C-alpha cells in the first residue's frame, strides 16, 4: 500500500513495546511516516529511534488525549493511510475479589473503549479522503471464556464484535476495517503466563503477518494459521466438554495493570 508521491502514513497505539513496537519498526523500515502512541515516553523514544516518527505520550483510555494526538499527527503528517489499535491490557482477574473490580474496569476501558478512542478522531478525515484502513487487534482469547481471564476474554470478544459493527458502518465510505486475532506473541504481557503457549510467534513475525493482512484488507483473520484451527475447534466444543477441559486450566496471574 503506497501513497502516490509521498510515504505511507501509519498511526499506531501501544507502540511502546511488543507488537505495537514491532509494527512501528516494520512500517518505519519501509519509509512510512509514523505516529507512535503509548504511555511510556522513554520506551516510545526507543521505538522511534532512526525512524520518521512523531511520538505521543497518551493513554488510549483518555479520549481527549487521543483526539489531541490525532489532531497533531494530521497537522504534521496529513491524514494517515493506516491506523492500528494495538494498545491493550492483559492481566488475570476474579469477579469474586473486590480488589479486582478496578482491574476489570481498566481492561475493558483499554481493550474496548481504547479502540473507539483511537479510531473516532480519524474517521471523519478518512471519510473526506475517501480511503484508509482501521486495524484493531483482538485475540484468540476472545473465542471462549477462560477461567481467571474473564476480563481479558470478554474485552477481546467485545473488541471483535465492535470491529465487525464498525466495518459495516464504514462499508461505503472507502475506509476498510481489519480485525486481527493473534494467538500467543512473545511480549512482556505473555512472559508471565504460567502455561504452555503453542504456536507462539515473535513480535516481528506477528507484525509482518498483520501488515500483510492490512495490505490485503482482510476483514477478519486469526494468526498464525494454526491458531485458526484451534479457534475453530474451541468454538465447536460442546459446553460440557469445554467445561471439563478448561475448568482447572492454569490461570494468568492476578494483579493491577501497569
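No lab work stands behind these numbers, since they all come straight from the coordinates. Given the structure is predicted, the values throughout are model-derived calculations rather than measurements. So basically every Cβ, Gly included, is an ideal-geometry build from the backbone, and we count neighbours across all protein chains shown.
Listing for the model above:
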item	result
FRET E, pair residue 75, residue 45, Förster distance 25 Å, beta-carbon r, rounded to 0.05	0.75
Fewest-first sequence of 236, 86, 55, 37 by Cβ atoms within 10 Å of each Cβ	236, 55, 86, 37
Modelled FRET efficiency - R0 25 Å, residue 169 with residue 212, Cβ distances, 0.05 increments	0.50
Candidates 20, 142, 50: whichever shows maximal mean-square fluctuation once the chain is modelled as a Gaussian network with Cα springs under 10 Å	50
Full-stretch length increase - residue 161, residue 241 - with 0.36 nm per residue and alpha-carbon distance subtracted	26.3 nm
Where only C-alpha atoms are counted, convex hull volume of the chain per residue in Å³	121 Å³
Percent RCO, i.e. relative contact order, over the chain, from Cα pairs under 8 Å lying at least 6 residues apart	19 percent
nm² value of the averaged projected area, convex hull over the Cα atoms of the range 98-188	6.7 nm²
Helix 150-169 vs. the chain, principal-axis angle (Cα, 0 to 90°, nearest 10)	40 degrees
Percent breakdown of C-alpha pair distances by 10 Å bin, ordered from the shortest bin, for the range 5-81	22, 56, 21, 1
Part-to-part distance (alpha-carbon centres) for the range 94-131 and the range 195-234, which is given in Å	22 Å
Values of log10 I(q)/I(0), in the order q = 0.14, 0.20, 0.22, 0.23 Å⁻¹, for the range 40-149 under a Debye, Cα-only, solvent-free model	-0.68, -1.13, -1.26, -1.32
Antiparallel DSSP beta bridges within the chain, percent to nearest 5	5 percent
Burial order of peptide ranges 220-227, 178-185 (average beta-carbon count within 10 Å, highest first)	178-185, 220-227
